[in-house]
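Structure record follows, encoded as structure tokens.
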Amino acid sequence: MKASTCAPSASSATALTKRKLHPSRSLLYLTLTGAALLRIGIFLYTDGVSLLQDRPELSTPLNSFKALMETYYLFKHPPTPIPSVPSHHHVSDPYSAGTIHHSPLLLPALNYALERLHSQADQLPVAIIWTAADIVTGWLLFRICHAREAALWARQTHVFAWDQSRAIKVLAMFLFNPYTITTCIARSSISLEMVALLAAIHSAMSGSATLLAVWWVASSLVSLYPVLLFPMLIQLCRRRAGELVYEREIARIGKVTSSNDTKAQRQLGFLVDRVRSAKRFAVVKCVVLMPVALAGGLWISRAIALSPGNPSIAAVLLNLPNILQIPLEQGWAWTEQVYGSVVFATDLTPNLGLWWYFFMEIFDHFRDFFLLTFNVHLASYVLPFAIKYRQDPLFGITLMTGVIAVFKSYPTLGDHAVFLALLSLHSQIFEYLRYPLVSALTYAYCTCLSPAFHHLWLNAGSANANFFYAITLVWALGGGMLVLDAMWAWGRERWERERTPIRSRSGRKGEEHVNGDASVDTVASDALSSTPAAATGAPLEQGDQPRKRVVVQV
């Protein structure tokens, strides 16, 4: 094969990099509309809600819709009054029942829909909210992918003409993923957690430290585990802040050149300094704003928990004078039920995780040790990922979501849906995956057998808990195998990109030997064939010597 057929010419490559990425708006709107209509139709015209809302693969005591309705009911009818300050006031504690684990932040946002469902049995507001949550999550994923492609396009790496619709492909794969659809139909609060998490990642991709702080706090207070993404989100915000400054300044080069603005041209010489300043400022803002926002979010959650009777935003605001009279050290009992249940695994209801059966079987005097082991093991991935993937923090976040989906105390299919959605952003590693078929078949195997083993254990009575726990082990195997495979593929892709490899068979013609070494070959640059000198056979000038690329025989 001639070199001219391997790559576009130099002139066409230059023209290609000047084109902008413009995903099809019609395809975008069609995908969003189709996904929304599909979910609304399943909600209103099928029995999917009743079939899926109690499935252990989709709902756990911490995120099920029934537990959310119980939380709402106990807020409306609090069980036990507890004394507070001043002494003639009493504040009821909805969390004293010990059976609810949802964050108080969810109640004001869902108050209207839950009230309509509770009083009038109207399913439509709830269906609209959960459908909108998936649509917004998909749109955020689309924006993240598009921003990433634009950054790669500006650096002229990875992105080619046929990749311009990848953002829509990523959106469609997420919205029509069976894991995403079933999680939405089951009305698990995982769908709402995905919105906050993807909004935090999108804010970091936008270089906005303020929005990042707000959405990171929202996702952390609702789900707790996004706290582990703190360093990698800061790295992503820092990197994107510098890239955005670079992209804006490079976009001005054409205008500066055409207008002969010598002052602007001199300012371009300080581009590196401006990029570094933007990165430092982004880090300072994140380090300051994110802890402050976390403290504020905890205080708002406390205010909602201390306002039982009506969890609406207006009622909480009207109750602020009474809340301010309560000492700051009081009113935190809800944290034990919301976050303590995640860390200490107080509810051993069967789920897709590795915790429930293990802590059901071990002796009580070993429980504290293994609780520490399980939690430290999950947190121990944060620092290595932050160091290893400091130049690609979005991939580090992707891997961390995969680790969380495998090793968290109460995982669901929604957690795996988030991991797969973020993994789809990194298309450059797909060809380097070693076991994609094995990983895909493992997911399919577990998806089919998990309901069957659960039925044999609890309904048919012809099996025991070992059956269902065995399939959860295979779930962990499949998720962990995909995480490891993605890590290896990322390393292999980066290794080859840094060394400019050429894949070649040993019998390829036209290869030249360097220094007589038969194991290392070189070929002329592909752009050489498109130059006028190459086409006419004219000799090359001294400055036009072709670059040599190493052919690695794999």
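Structural remarks
- Being of a type outside the set (A, V, I, L, M, F, W, C) and either within 30 Å of Ala204 (Cβ to Cβ) or assigned to a helix (DSSP H, G or I) (or both) is a condition met by no residue of segment 304-318.
- Test: residue in segment 394-409 that is touching a residue at least 40 places away in the same chain (Cβ under 8 Å), in the same structural domain as Ala196 (by TED's automatic domain parsing) and not in a helix (DSSP H, G or I): yes
- Candidates are the residues of segment 410-441 that are in contact (Cβ under 8 Å) with a residue 12 or more places away in the chain and among the small types (Gly, Ala, Ser); the one that is nearest to Leu152 (Cα to Cα) is Ser427.
- Close Cβ contacts (under 7 Å, 6 or more residues apart or on different chains) running from residues in segment 458-476 that are within 17 Å of Cys446 (Cα to Cα) to residues that are of a type outside the set (A, V, I, L, M, F, W, C) comprise Ala465/Tyr357; Phe468/Pro350; Phe468/His454; Tyr469/Tyr357; Ile471/Ser450; Thr472/Gly353; Val474/Thr442; Val474/Tyr445.
- Of the numbered criteria (1) without any contact (Cβ under 8 Å) to a residue 12 or more places away in the chain; (2) under 30 Å from the mean Cα position of the chain (by Cα), the one Leu324 fails is (2).
- Residue within segment 61-82 that is within 24 Å of the chain's Cα centre (by Cα) and more than 16 Å from Pro104 (Cα to Cα) present: no
- Some residue of segment 357-375 being touching a residue at least 24 places away in the same chain (Cβ under 8 Å), assigned to a helix (DSSP H, G or I) and touching a His at 6+ places or on another chain (Cβ under 7 Å): no
- Of the helices (runs of 4 or more DSSP H) lying entirely inside segment 30-134, those containing at least 1 residues that are more than 24 Å from Phe174 (Cβ to Cβ) and either at pLDDT 95 or above or hydrophobic (A, V, I, L, M, F, W, C) (or both) are 65-76, 106-120.
The values are calculated or read from the model by the stated rules, or taken from the named source; none is laboratory data. Bear in mind the structure is a predicted one, so any value in this text is a computation, not a measurement. Every residue, glycine among them, receives a Cβ derived from its backbone with ideal geometry; neighbour counts consider all protein chains shown.
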